[in-house]
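What follows is a short report on a single structure.
The values are calculated or read from the model by the stated rules, or taken from the named source; none is laboratory data. Here the structure is a predicted model, which means the values were calculated and not measured. Counting neighbours? That spans all protein chains shown, and the Cβs are built from the backbone with ideal geometry, glycine included. Note: areas computed on protein heavy atoms with side chains; ligands, DNA, RNA excluded. Shrake-Rupley method; radii C 1.70, N 1.55, O 1.52, S 1.80 Å.
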Amino acid sequence: MSSFLHQRPTHSSFSDPYSVSSRSSSTSQRSFSIFSPVTVIVLLFLLIVLGVFSPWVGTPEGLFSLTKPSITKWRDYTLAQAASFVAKNGTVIVCAVSQPYLPFLNNWLISISRQKHQDKVLVIAEDYATLYTVNERWPGHAVLVPPAPDAQTAHKFGSQGFFNFTSRRPRHLLHILELGYNVMYNDVDMVWLADPFPYLEGNHDVYFTDDMAQVKPLNHSHDLPPPGKKGRTYICSCMIFLRPTNGAKLVMKKWIEELQAQPWSKAKKSNDQPAFNWALNKTAGEVDLYLLPQAAFPTGGLYFKNQTWVQETKGMTVIIHNNYITGFERKIKRFQDNGLWLVDDHASESPLGRLRD
C-alpha cells in the first residue's frame, strides 16, 4: 500500500527567488529601499501567490498548508489496504472498538506490546471518532467498514446496540480470510500475560476457547466439547484464531447465516455467541476444530472466581478474559483489583500513548 497514507508531508525551507537587491542608484528618481512599504507589500503578495499556487515538493496543499495531514483521508481507507499494511508473517490481529471502549483498547494494546505483537494489530473502528483517534496517533492501524453503527455509547450486553455491534464481526473476519491472511480476533476486555502463538499448534482451521467455568483436567481433549442443555456448545466468540482455509471460511459463512436467522428482538435478546456455537456445531464434521487449553485461556468466570484453581495453574495463563461480568466501570474495577488495569501507570507502552479521559 502506498506509504503516503502513513506519512506526514515534509516542508522544504523557503528560499525567496525574488530577493530584492539592497543597492540603490543615485541617478534614479524611482529607486526604492527594501524596507519601503511598497517593497513589503510586493513581497507579501509574492509569498501569498507562491503559497497558494506553487506545486511545492512534499507540500501538495501549498506552502502554508498545515503539517498535520487531513484526517478525512481515512474515510477511504479499505480493509484490504489496512490488512496489507499491518500483516506480519501472513497474520493479522483484529479487534472491533467503539469510542467508549478506547481505554480497554489501550489496556489490551499494552499487554500485546509486551509480547512484541502490536505491529500486526488492526483496529476495526465502529465509529469515526475511533477511526480518527487511532490513526492520528498510530497511522494505518484503524479502518472503518461502512456503514458505521449510529450509536456511540457503551452498549449493554444483551441490548440491540450490542447485537448490531457484534453481528458485524464474522463479515470482517471472512473478508480478511478471503484476502489470504491468518486472523486472530480478540475482545478488548482481554489481557495478554504471555505469547499465545506457540499454543496455536498444528494446522487446524479454527481455534477457540471454552466459555464454561467448570474446571477441566490439564490434559483435556482439544475436540469441540459436547452440547449443553440448549443443544449447542458454549464456546466463546471473543478469542478466535482462523487460518485462511475453506473450513474456516465455511464457519464464518454459517455464523453469518445463523445471525440472520436469529435476529435481535425484545423477546429474545440475542448476541453473537449462540450463533457462533451453532455454526461450529453444524459444520463440525467438515471443519478441523481445535479447543485451546483451559489453563492458558481461562474464562473470566473461572479465573476471577476460583482462586484455588488460579494458584494451581499459576504461570500457565496466557490470555485472561474479563467476562462473566457486565458494566463498563465494574470491568475496570475488576482489572484494577487484580493488577491488570495497565493504562494508569503504563500508558507509554501503548502505541496510542496516554489517551485523554
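Descending by average beta-carbon neighbour count within 10 Å, the peptides 217-228, 308-319 line up as 308-319, 217-228, the highest first.
Considering only 291, 352, 318, whose Cα is most displaced toward the positive end of the charge dipole of segment 229-357, charges sitting on Cβ of Lys, Arg (+1) and Asp, Glu (-1)? My answer, from the dipole projection, is 291. Each peptide in 323-334, 101-112 was scored by the mean count of other Cβ atoms within 10 Å over its residues; highest first, the order is 101-112, 323-334. Less than 15 Å apart at the alpha-carbon level, and either on another chain or at least 8 residues along: which aspartates and glutamates does that give for residue 230? Those aspartates and glutamates meeting the cut-off are 211.
How high is the relative contact order of segment 197-265, given as a whole-number percent (alpha carbon pairs under 8 Å, six or more residues apart)? Relative contact order for segment 197-265 comes out at 39 percent. In this rough spin-label picture, where each label sits 7 Å from Cα along the Cβ direction, the residue 330-residue 72 distance is 4.4 nm.
Roughly speaking, to the nearest percent, how much of segment 239-337's 1.4 Å accessible area is carbon and sulfur? Before the final figure, lay out the partial values.
Working: 2210 of 4450 Å².
The value for segment 239-337 is 50 percent carbon and sulfur by accessible area.
Coordinate range of the alpha-carbon atoms in segment 195-253 per principal axis, descending: 31, 28, 18 Å.
The slack in the chain from residue 348 to residue 178, taken as 0.36 nm per residue of separation less the alpha-carbon distance, amounts to 57.7 nm. Pairs exceeding 23 Å between alpha-carbon atoms, taken from 88/116; 88/249; 88/314; 120/282: 88/314; 120/282. The convex hull built on the alpha-carbon positions of segment 296-357 has an orientation-averaged projected area of 5.0 nm².
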